[in-house]
Amino acid sequence: MNQPKPAHKVLFKGATLLDLESGKESPADLLIVDGVIAELGKLDIPSFDGELIDASGTVVVPGLMDMHVHLREPGREDEETVESGCRAAMAGGFTAICPMPNTEPPADKREVLDFLRDRARGQLVELFPIAAVSKGRKGEEIAEMGELVDAGAVAFSDDGDPVHNAAVMRRALEYAKMFGRPVIDHCEERSLTAGGAMNEGFVSTNLGLPGMPAVAEEIIVARDLALAKYTGGRLHVAHVSTAGSVELIRRARAEGVQVTCEVTPHHLILTDQAVVGFDTNTKMNPPLRTAADVEALRAGLRDGTIQVIASDHAPHAVEEKDVEYAAAPFGIIGLETSLALVLRELVGRQVLTLAQALRAMSAGPRQVLGLEQLKVEKGARANLTFIDPHAEWVVDTSRLESKCRNTPFAGWKLRGRVFALVNRGLYWRAVR
Ligand SMILES: [Zn+2]
Ligand SMILES: [Zn+2]
């Protein structure tokens, strides 16, 4: 993959600027000088002496952010590192990612966050770490949240595991509230999912695989909503996957509970029917659900109950996934396919408008995490994703930037791809 270059003086000619709030499109040339949007609009620069990029046919929006990814550094650098994760993020069109803290050691101390941020220094992709809720991610004692916020934590989560103890979750919501940060929970009642490999229902019965029922997710969603209401804390539900969860969250929001949530592209597109054939790349947690759940998730995005699309990028080595279904680890990679899947399956099929879809991948996560919204205007720091909405490509796992290959979308023909990125004084032009 080619490297980002300093954005000293770069002119993107002929792009279409898409306003994510209004959905309005306007033709735009963008002149970037030292990482700042120096000029924007219809520009006539007769003898331009900088880097000129023909961006006609592309759409430009505030830089995309994936707020739920797993990098395996520290601990499993053979599966992903900060560097390979940042490359995968660029290839997927993201200028920012939030790594989850289930590393070895976990991100429950300042030193680990300092290390991660240090590893991301000089990258075009910004890293906003999510710190562990509990010390050692054991679910017993709350981590030193103040220290972790100082070290750059934008949220708290024990993802990979639920915060099982309700009293710990209550304290987490109370403490995180003092710092204005959300607690992100992986909602799963483990006593109901123990030994489970896929969604519990008609398909699991047919396949003879142990199931994970929807109610296992919904019990913890309901518990967390009650705790968020009681404490006034901010809850963010990770990877919502069931119609029941969406309805619980919708009602709680209507009551004024401080709750937001996210959904993954795979839960928006695939059902548990994909498990037929026993491809372990269809094994994730939460599992793929039913067509009715997919419909409810799409409706939740449309009506604003769900604010964010996040990939839950979870790399696993080939040899780990290459075992029988029940024994395989949960999780798939997603950074490089997320945008194109959303463009083809949701925008292309008129489930969402382009602005709605990209809002859930840009403004949405920033709002959830309390980060400043990006502006595409003269004088603003340039943090931009240029998308070629018509580029057709096939997911070829031998050409992914991630160190891992575990995707159920291998061989899929997709439409829409990143064209260029600008961030942190750098720009990168996708060359393929
Ligand atoms: Zn999770
Ligand atoms: Zn996760």
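Whether any residue in the stretch 128-135 is under 21 Å from Asn2 (Cβ atoms), of a type in the set (D, E, K, R) and open to solvent by 10 Å² or more (accessible area, probe 1.4 Å) is what I want to check. Looking for residues that are under 21 Å from Asn2 (Cβ atoms), of a type in the set (D, E, K, R) and open to solvent by 10 Å² or more (accessible area, probe 1.4 Å), one finds none in the stretch 128-135, hence no.
Going through the stretch 32-45 one residue at a time, which ones are open to solvent by 20 Å² or more (accessible area, probe 1.4 Å), in a loop (DSSP other than H, G, I, E, B) and either among the basic types (Lys, Arg) or over 13 Å from Leu17 (Cβ atoms) (or both)? Scanning the stretch 32-45 gives Asp34, Lys42, Asp44, Ile45. Every residue in the stretch 259-283 that is open to solvent by 10 Å² or more (accessible area, probe 1.4 Å), in a loop (DSSP other than H, G, I, E, B) and among the β-branched types (Val, Ile, Thr), please. Matches in the stretch 259-283: Thr271, Val276.
Scanning the stretch 42-84 for residues that are modelled with pLDDT under 95 and of a type outside the set (Phe, Trp, Tyr) yields Lys42, Leu43, Asp44, Ile45, Pro46, Ser47, Asp49. Can you tell me which residues in the stretch 386-428 are open to solvent by less than 50 Å² (accessible area, probe 1.4 Å) and charged (D, E, K, R)? Asp388, Glu401 - these are the residues of the stretch 386-428 that are open to solvent by less than 50 Å² (accessible area, probe 1.4 Å) and charged (D, E, K, R). Screening the candidates Asp159, Asp118 for the property of being open to solvent by 40 Å² or more (accessible area, probe 1.4 Å) and of a type outside the set (Lys, Arg) yields one hit, Asp118. Inside the stretch 236-248, can you point out the residues that are open to solvent by less than 20 Å² (accessible area, probe 1.4 Å) and more than 16 Å from ligand 2 (Cβ to nearest atom)? Scanning the stretch 236-248 gives Thr242, Val246.
Residues in the stretch 91-128 that are among the β-branched types (Val, Ile, Thr) and either within 16 Å of ligand 1 (Cβ to nearest atom) or without any contact (Cβ under 8 Å) to a residue 40 or more places away in the chain (or both) were compared, and the one that is nearest to Val149 (Cα to Cα) is Val112. Within the stretch 82-93, being open to solvent by less than 20 Å² (accessible area, probe 1.4 Å) and at negative phi holds for Val82, Ser84, Gly85, Cys86, Ala88, Ala89, Met90, Ala91, Gly92.
Every residue, every condition in (1) open to solvent by less than 10 Å² (accessible area, probe 1.4 Å); (2) basic (Lys, Arg); (3) away from ligand 2 (no atom under 16 Å from the Cβ); (4) under 14 Å from Leu124 (Cβ atoms), yes or no:
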position	(1), (2), (3), (4)
Leu71	yes, no, no, no
Arg76	no, yes, no, no
Thr95	yes, no, yes, yes
Pro99	yes, no, no, no
Thr103	no, no, no, no
Glu111	no, no, yes, no
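Candidates in the stretch 284-303 are the residues that are of a type outside the set (A, V, I, L, M, F, W, C) and either farther than 11 Å from Asn199 by Cβ or away from ligand 1 (no atom under 16 Å from the Cβ) (or both); of these, the one that is surrounded by the fewest Cβ atoms within 10 Å (Cβ to Cβ) is Asp303.
All conditions but one from (1) open to solvent by 30 Å² or more (accessible area, probe 1.4 Å); (2) within 16 Å of ligand 2 (Cβ to nearest atom) apply to Glu217; the one that does not is (1).
Within the stretch 161-190, the residues that satisfy the criterion of being in contact with a helix residue (DSSP H, G or I) (Cβ under 8 Å, 6 or more places away or on another chain) and part of a loop (DSSP other than H, G, I, E, B) are Asp161, Pro162, Val163, His164, Phe179, Arg181, Pro182, Cys187, Glu188, Glu189. Whenever a residue of the stretch 377-388 is in a strand (DSSP E or B), its partners that are not hydrophobic (A, V, I, L, M, F, W, C), lying with C-beta atoms within less than 6 angstrom and at least six residues away or across chains, give the pairs Leu384/Gly63; Thr385/Gly63; Thr385/Gly93; Phe386/Thr58; Asp388/Thr58; Asp388/Arg417. Would you check if there is a residue in the stretch 313-330 being in contact (Cβ under 8 Å) with a residue 60 or more places away in the chain, open to solvent by less than 10 Å² (accessible area, probe 1.4 Å), in a helix (DSSP H, G or I) and within 16 Å of ligand 1 (Cβ to nearest atom)? No, every residue in the stretch 313-330 fails to be in contact (Cβ under 8 Å) with a residue 60 or more places away in the chain, open to solvent by less than 10 Å² (accessible area, probe 1.4 Å), in a helix (DSSP H, G or I) and within 16 Å of ligand 1 (Cβ to nearest atom).
Can you pull out every residue in the stretch 207-258 that is outside any helix (DSSP H, G or I) and of a type in the set (D, E, K, R)? Correct list: Arg234, Glu255. With the condition kept exactly as written, say whether any residue in the stretch 181-189 is open to solvent by 20 Å² or more (accessible area, probe 1.4 Å), under 21 Å from Ile97 (Cα atoms), in contact (Cβ under 8 Å) with a residue 12 or more places away in the chain and not basic (Lys, Arg). Looking for residues that are open to solvent by 20 Å² or more (accessible area, probe 1.4 Å), under 21 Å from Ile97 (Cα atoms), in contact (Cβ under 8 Å) with a residue 12 or more places away in the chain and not basic (Lys, Arg), one finds none in the stretch 181-189, hence no. Restricting attention to the stretch 190-207, which residues are more than 16 Å from ligand 2 (Cβ to nearest atom) and open to solvent by less than 60 Å² (accessible area, probe 1.4 Å)? Matches in the stretch 190-207: Gly196, Ala197, Met198, Asn199, Gly201, Val203, Ser204, Leu207.
Among the residues of the stretch 191-206, those that are out of contact with any Phe, Trp or Tyr (no Cβ under 8 Å at 6 or more places or on another chain), among the small types (Gly, Ala, Ser) and part of a loop (DSSP other than H, G, I, E, B) comprise Ala194, Gly195, Gly196, Gly201.
The set of residues from the stretch 339-374 being of a type in the set (Val, Ile, Thr), surrounded by fewer than 22 Cβ atoms within 10 Å (Cβ to Cβ) and touching a strand residue (DSSP E or B) at 6+ places or on another chain (Cβ under 9 Å) comprises just one member, Val347.
The values are calculated or read from the model by the stated rules, or taken from the named source; none is laboratory data. Keep in mind the model is a prediction, meaning the values are calculated, not measured. Cβ coordinates were reconstructed from backbone atoms using ideal geometry, including for glycine residues, and neighbour counts include every protein chain displayed. When the accessible area is computed, the model is the full protein with side chains, heavy atoms only, and any ligands, DNA or RNA have been set aside. Shrake-Rupley method; radii C 1.70, N 1.55, O 1.52, S 1.80 Å.
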